[in-house]
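To keep things clear, I will list the structure first and then write my remarks on it.
The values are calculated or read from the model by the stated rules, or taken from the named source; none is laboratory data. No experiment lies behind these values; they were computed from the predicted model shown. Glycine also receives a Cβ, built like all others from the backbone with ideal geometry; neighbour counts cover every protein chain displayed.
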Amino acid sequence: MANLFGRVPIGLRSAVNEGAFTRLTLILIAVVFLALFLIMPLILVFVEALRQGAGAYFEALKDPDALSAMRLTLTVAVIAVPFNIVFGLAASWAIAKFDFRGKNLLISLIDLPFSVSPVISGLVWVLLFGSHSVLSPWLQAHDIQILFALPGLVLATMFVTFPFVARELIPLMQEQGTTDEEAALSLGASGLQTFWHVTLPNVRWALVYGVLLCTARAIGEFGAVSVVSGHIRGQTNTMPLHVEILYNEYSFVGAFAVASVLALLALVTLGIKAVLEWRYGNQLASGHRR
Amino acid sequence: MNIRATAVALAVALGLVASPALAKNIKLLNVSYDPTRELYKDYNAEFAKIWKAKTGDTVTIEQSHGGSGKQARAVIDGLSADVVTLALEGDIDEIAKGTRKLPANWVQALPNHSSPYTSTIVFLVRKGNPRKIKDWDDLIRPGIEVITPNPKTSGGARWNLLAAYAYAQKKYGSEAAAKDFVGKLYRNVPVLDTGARGSTTTFVQRGIGHVLLAWENEAFLAIEELGPDKFEIVTPTLSILAEPSVAVVEGNAKSHGTTAVAKAYLENLYTPASQKLIAEHYYRPSRPDTVDPAVLKRFGKLELVNIRDDFGGWAKAQPKFFGDGGIFDQIYKPGR
């Protein structure tokens with residue numbers, strides 16, 4: 001399969017033997033599309049952010065509410081991503097290395113957050129922890145605030161991002177099979193040793209790749225966190241939420257300044273991703289060698 | 001599943017870190033709606049000073065803003081607001097019904113039906129008023145494009161329709177004539193956005209339409225933020241009085257130990273100094289007699305009808321005008 005996307009075998013060459021005109025048109029469409037939908041908006045973000053000069057730009061970023069939004073977003077990511085690493089590793093390990101009943105069901109369940117609207121991903125937590133939920137009296141009795149506070153934001157983010165790590169690891173682990181582990185075990189390694197010295201090194205780049213995507217989504221998530229945030233200024237507004245608020249307040253420089261930080265984070269992610277694909281492409285799952 | 005176990009563990013850990021409150025540092029959460037941001041930013045600073053002088057305590061007021069209905073929903077779901085300052089009485093009624101954290105007669109707790117400030121619907125037109133729009137009659141002239149959101153989805157848009165209706169009923173004397181009038185008006189609406197902010201964007205940013213039906217405070221703010229050289233406000237001869245409501249969510253305040261400060265916070269909105277601040281933020285003060293007339297000059301003079309006396313309250317007006325098969329459904333036929 002990988003060959004279709006990467007190197008074109010000789011026998012298939014006729015399949016892409018289009019005329020120069022067709023090829024040019026297709027390339028042009030792709031380039032125009034990219035420019036229109038990706039590059040232009042990206043440039044616009046920075047143009048708008050710097051419209052009133054670098055001074056206003058940095059002033060907007062130094063605003064206490066903006067700083068708190070950045071801090072909160074990073075805190076949420078720092079908590080949610082490790083949970084997803086553990087979960088992703090466990091799930092993909094179980095799925096790729098073992099056979100058990102309901103395996104396909106588990107795979108579908110892992111994909112669920114991809115197909116569910118983020119608003120629903122937020123609302124499930126409201127139903128679970130809201131004042132009218134079954135859990136509510138217990139939470140109140142113990143003075144535990146989940147919704148409209150950090151725990152709610154973390155939960156919503158975890159839910160939305162949890163397929164990312166597992167989805168990267170499962171195809172790769174399936175491709176690698178269990179022979180390495182079997183060899184290690186037959187040579188006398190313990191289960192944990194096998195995991196640390198065989199399984200984990202085999203998938204490390206795919207794992208990093210998955211963590212990267214997971215982090216990017218965790219930082220950028222809007223819908224689910226919007227539902228559980230409560231929008232308390234300087235307390236529960238993440239960066240994407242803060243951008244919307246500033247924009248609605250006609251504070252365009254502020255909105256685009258914070259948006260530019262998000263864009264920068266996305267660009268850094270993209271850069272690392274490109275390096276990973278270029279450098280370690282053969283160690284990522286074949287589905288990603290495009 | 002172990003996810004839930006870890007989630008609860010995490011929540012417990014965070015809860016322990018977050019909960020202890022210091023005696024002299026009071027936190028107050030004000031859950032409000034969208035256009036009050038600037039007002040409360042200033043008012044909170046003022047109130048903190050007053051409270052410090054009076055009691056020596058430092059009060060930090062946290063703000064949450066969003067669509068009024070959505071905010072009410074959040075409070076019902078557990079956002080632990082000490083005070084709510086929302087757009088509609090009905091939204092606070094919902095909180096009272098849904099949580100029982102405030103009494104059913106909360107509206108009598110403060111003067112003027114618990115409305116320290118009011119606003120009304122005015123017209124925003126392009127600079128110089130090129131279409132010579134003076135009053136509601138001008139909006140039904142052929143060729144005039146009116147921008148207003150869909151009253152089915154936007155709370156604000158309902159006031160727009162009711163204001164037009166009240167004007168026509170007063171002028172032409174019958175409900176049939178009023179219905180006909182709003183029918184003509186909505187035929188002049190090229191885009192029916194889902195929310196007030198969407199309509200403002202359509203009018204201001206995309207440059208569509210000749211007149212925007214807008215909240216007076218929002219119209220002033222748009223002019224201030226986007227340039228006095230681009231737009232101006234036209235005040236019609238008659239419009240509708242909107243009374244945003246405020247209330248202490250007693251149940252929450254009690255469990256936070258903030259009842260006294262929450263009450264003082266809202267009562268203080270009625271003092272002359274606060275009423276002036278309110279006027280400076282383009283809301284009409286509910287006690288205009290206490291405010292310097294120079295500040296009040298910005299508000300055009302007009303006759304105001306209100307929901308309670310002229311429409312029998314929202315409980316009656318809502319189904320009559322905006323329910324299925326109601327007046328809006330009868331007069332609005334998309335695509336005409």
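Yes/no per residue for (1) crowded, with 19+ Cβ neighbours inside 10 Å; (2) touching a Leu at 6+ places or on another chain (Cβ under 9 Å):
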| residue | (1), (2) |
| --- | --- |
| B:Ala164 | yes, yes |
| B:Phe181 | yes, no |
| B:Asn217 | yes, yes |
| B:Ala222 | yes, yes |
| B:Val234 | no, yes |
> Looking at segment A:106-137, which of the residues that are under 23 Å from B:Leu29 (Cα atoms) and at pLDDT below 90 is farthest from the other protein chains (Cβ to nearest Cβ)?
Replying inline: A:Pro137
> Hey, among the residues in segment B:42-68 that are within 14 Å of another protein chain (Cβ to nearest Cβ), at pLDDT below 95 and outside any strand (DSSP E or B), which one's surrounded by the most Cβ atoms within 10 Å (Cβ to Cβ)?
Replying inline: B:Ser68
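From B:Ala21, B:Ala11, which residue is under 22 Å from B:Ala260 (Cβ atoms) and modelled with pLDDT under 90?
Within the list B:Ala21, B:Ala11, the selection yields B:Ala21.
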> Pairs, please: C-beta under 7 Å, at least 6 apart or cross-chain, first residue in the same structural domain as B:His256 (by TED's automatic domain parsing) and under 19 Å from A:Asn248 (Cβ atoms) and in segment B:41-66, second aromatic (Phe, Trp, Tyr) and part of a helix (DSSP H, G or I)?
Replying inline: B:Gln63/B:Tyr40
>> Condition (residue is over 15 Å from the mean Cα position of the chain (by Cα), away from chain B (no Cβ under 12 Å) and of a type in the set (A, V, I, L, M)) applied to segment A:74-88: is it met by at least one residue?
In response: no
> What residue, of A:Leu212, A:Leu241, A:Leu200, is surrounded by 18 or more Cβ atoms within 10 Å (Cβ to Cβ) and more than 27 Å from B:Ile61 (Cβ to Cβ)?
Replying inline: A:Leu212
>> Exactly one of these conditions fails for B:Glu232: (1) outside any helix (DSSP H, G or I); (2) at pLDDT below 95; (3) outside the structural domain of B:Val125 (by TED's automatic domain parsing). Give me its number.
In response: (3)
>> Being in a loop (DSSP other than H, G, I, E, B), at the interface with chain A (Cβ under 10 Å from one of its Cβ atoms), surrounded by 18 or more Cβ atoms within 10 Å (Cβ to Cβ) and touching a residue at least 12 places away in the same chain (Cβ under 8 Å) narrows it down to one residue among B:Leu79, B:Leu29; which is it?
In response: B:Leu79
> A:Ile144 passes all but one of (1) farther than 29 Å from A:Trp93 by Cα; (2) modelled with pLDDT of 90 or more; (3) of a type outside the set (D, E, K, R); which number fails?
Replying inline: (2)
>> Tell me yes or no: at least one residue of segment A:142-162 is in contact (Cβ under 8 Å) with a residue 12 or more places away in the chain and under 30 Å from A:Asn282 (Cβ atoms).
In response: yes
> In segment A:162-204, what residues are within 19 Å of A:Asp99 (Cβ to Cβ) and outside any helix (DSSP H, G or I)?
Replying inline: A:Gly177, A:Thr178
